[in-house]
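Below: the structure, in structure tokens.
The values are calculated or read from the model by the stated rules, or taken from the named source; none is laboratory data. These numbers were taken from a predicted model, which means no experiment stands behind them. Neighbour counts run over all protein chains shown; Cβ positions are idealised from the backbone, glycine included. When the accessible area is computed, the model is the full protein with side chains, heavy atoms only, and any ligands, DNA or RNA have been set aside. Shrake-Rupley method; radii C 1.70, N 1.55, O 1.52, S 1.80 Å.
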Amino acid sequence: MTALFRLQRDADLSTRNTFGVAARAPWLLEVNDAGTLAEALDLTQLHELPVLMLGGGSNLLFAGDAPGVAVAIRAHEVAIVDERGDHATVRAQAGADWHRLVMWSLDQGLCGLENLALIPGSVGAAPIQNIGAYGVEVGERIVAVEAWDRTARQPVRLDRAACAFGYRDSAFKREPERWIVTAVELELARHAAPRLDYAGIGEELAAMGISAPSARDAAEAVIRIRRRKLPDPAVIGNAGSFFKNPIVPAAQAQALRDAHPRLPVFPGDSDHTRKLSAAWLIDACGWKGAREGDAGVSAAHALVLVNHGNASGLQLLDLARRIAASVRERFGVALEPEPRVIGADW
Ligand code: EPU
């Protein structure tokens, strides 16, 4: 019989964060099934402690140790739970690997996740951050998120509206102590034209010699671009984009664009705002490829901080703060980190 959970004291988290920095947790609780999580927290009398959810560890920077109990959900079942006409609902448990889910959905002949191929991390982490790439955000595909509500001490199923998705943001991210995501339900289509409008995808498909791309072709193009542009966390520690692309008033974006015609500007979250390319701003300040000790900025992409070996989380955070300060000084734009910083304030 499999145990309900596994509890470890003074656990090493260095292999559980993709930056690969040293960090520990007073407790590490691994539950097989999300349904037993509440029981496990009660049985171990850990439910009063702060909880830190560990997914794939691709969205965390440990500037210090985890404060209470680090929780990992192992359940990773993925299944089609409903089919209506051209659409299917897929339910994936939090412990499943995101990229494997994307490839599995394509194997089932389902479209909709192809632009999100190769994003590191677990299914349970995907809605928290509202992961996005190449013009698609996971929130657009989610019909509901199943979670454990620590405040009400009960399981809940939140529909898309209740998840309050925004750019790299959600209700779960705003109240991290309250929610433990246990499963995600996605609506995918049997036939749907892949979205190819994001810069680079069309060119990549053309280079692959494909003129009428399927969803799988789009995934292949995304995989090629990502492999070329983004360092692989299995090779060099990183957490993807370290900064969010800043959203600024439209007038400020226009003034910056007048002064710097090459600055990439994207639509914001309303008519009055625009999203700027943080990578461009950081690159313009000369940080790309910079290295201080083992903390550095990727030479392939200015938005990605890397751990060349033995950088500490604090060293990476210190570098990130100095990058943000120089962007603020030169362009008057504030940058915010995308990963959750543990053990320090931004
Ligand atoms: N650029 C530079 N220097 C660089 C890299 C990029 O100037 O070193 C400029 C280029 O002009 C480029 C523009 O920045 O055209 C945008 O670059 P890219 O297409 O790589 O996208 P991004 O805005 O840097 C965002 C997401 C990525 C996502 C890509 C593709 C955020 C914070 N990042 O990056 O997501 O994969 O778009 O959709 O929104 C992540 O969140 O971890 C992540 C990797």
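For the range 53-127, how big is Rg over Rh, using alpha carbon atoms and the Kirkwood form of Rh?
Result for the range 53-127 is an Rg/Rh of 1.06.
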So what is the accessible area of the chain per residue, in Å², with the probe set to 1.4 Å?
-> 46
What area, in nm² and to one decimal, does the C-alpha convex hull of the range 114-208 cast on average over all directions?
-> 6.8
Cys285 - accessible surface, heavy atoms, 1.4 Å probe, Å² rounded to 10 = 40
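Rounded to two decimals, what is the ratio between the C-alpha radius of gyration of the range 205-301 and 2.2 N^0.38 Å?
1.34
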Gain in length, Ala255 to Glu177, computed as 0.36 nm per residue apart minus the alpha-carbon separation, to one decimal in nm?
-> 24.1 nm
Sum of side-chain charges, Leu37 neighbourhood, beta-carbon under 12 Å (Lys, Arg +1; Asp, Glu -1) | -3
At a probe radius of 1.4 Å, what is the per-residue accessible area of Phe5, in Å² to the nearest 10?
-> 50
Percent carbon-and-sulfur accessible area, the chain, ignoring ligands, DNA and RNA, probe 1.4 Å | 49
Kirkwood Rh, angstrom, the range 1-114 [1 / mean 1/r, Cα pairs] | 15.8
What do you get for Rg/Rh of the chain when both radii come from the Cα atoms and Rh is the Kirkwood radius?
-> 0.97
